[in-house]
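Written out below as structure tokens is the structure these notes cover.
The values are calculated or read from the model by the stated rules, or taken from the named source; none is laboratory data. A quick note: this is a predicted structure, and the numbers were derived from the prediction, not measured. Neighbour counts run over all protein chains shown; Cβ positions are idealised from the backbone, glycine included.
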Amino acid sequence: MKFDIIIPTCGRDASLSKAVESAIPQLNEHGRIIVVNDGELDVARILEQQFAEQVSDERLIVISNSGPHGASRARNAGVAFSNAELILFLDDDDTFAPQAVERILAAAKGDFKYGFAVSPKKAQTGQRGARIADLPVKYRFAATSAAFWIRRDVFNAIGQFDEELTVAEDFDLCARLRAKQIAGWASYEAGVKRGQIRDTDQTQSLVQRTAVKETIRCRHELMARNLDNFSYANAEKFYLIEQFARRAVRSGMSRYALKKIAKQFPNPIALFGLIVWVFNLLGAPRDAAARK
């Protein structure tokens, strides 16, 4: 099975080198690493100097995204370049665990044709994994840093990462996968070691710190566009609402959340019940007048 490991990067040569170094030993004759350069560093030269003796140009490819344009466009560019059946995503500040790719290929080649897979933060010990549909709802939406892989035809069928979302673009992708009832696998075996870069480090990143209002806008956008794709009583539908409301309330924007949720539920009885449920769940909010 042909597979491509897509690593988007922006200005992180040191951590990128560690990510690539972790991926090279896991390549076989059918695998490639595609680094998508979203910044101004000469990533191709840096990687050639470090890895020319370990991997050929055909196995380690660097393409330019003429950035910075952000994580979504960089990942989309990598998938567009790929011709592989299977797409694996690796962040430039993460590293693969030993044999991670081997386990991914085994799951992808299994009798049950899963369309995508993740590795939840909290795993069940003593088990290899489970169907995503059988997990608690909060574990069905995972980041691309969670050893995420997807079949390229599935990715193209549901649509790419939304390049208008500056945060939670991977959450949005998972929402669309769940709405289309694409079968997914949750691996409890180690996939990646996350986050070489600390929040205190002064380093460039694909994902820059986002203003509070922009973060809440993105969360509202992904909630609004995905709600109608789920049935009325679907647990994932309410989880989307909860995630938007939780972040808005914590940011002092509870009034904004109420207005946006109200637009999604014109039925006053259903709306009242939903609002009571949300704010009982979150606790009594305090609004910041400056953020109305």
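For this structure, a couple of remarks:
- Out of 279, 265, 230, one residue alone is within 25 Å of the chain's Cα centre (by Cα), among the aromatic types (Phe, Trp, Tyr) and at pLDDT 60 or above. It is 230.
- Of the listed requirements (1) touching a Phe, Trp or Tyr at 6+ places or on another chain (Cβ under 6 Å); (2) in contact (Cβ under 8 Å) with a residue 60 or more places away in the chain; (3) over 17 Å from residue 97 (Cα atoms), residue 63 misses just one: (2).
- Qualifying positions in region 255-266 - part of a helix (DSSP H, G or I) and surrounded by fewer than 22 Cβ atoms within 10 Å (Cβ to Cβ): 255, 256, 258, 259, 260, 261, 262, 263, 264
Yes or no, residue by residue, for (1) surrounded by fewer than 20 Cβ atoms within 10 Å (Cβ to Cβ); (2) closer than 23 Å to residue 156 by Cβ; (3) outside the structural domain of residue 157 (by TED's automatic domain parsing):
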{"position": "20", "(1), (2), (3)": "no, no, no"}
{"position": "68", "(1), (2), (3)": "yes, no, no"}
{"position": "90", "(1), (2), (3)": "no, yes, no"}
{"position": "93", "(1), (2), (3)": "no, no, no"}
{"position": "128", "(1), (2), (3)": "yes, no, no"}
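- Of the residues making up region 1-37, those that are aliphatic (A, V, I, L, M), within 19 Å of residue 63 (Cβ to Cβ) and in a helix (DSSP H, G or I) are 16, 19, 20, 23, 24.
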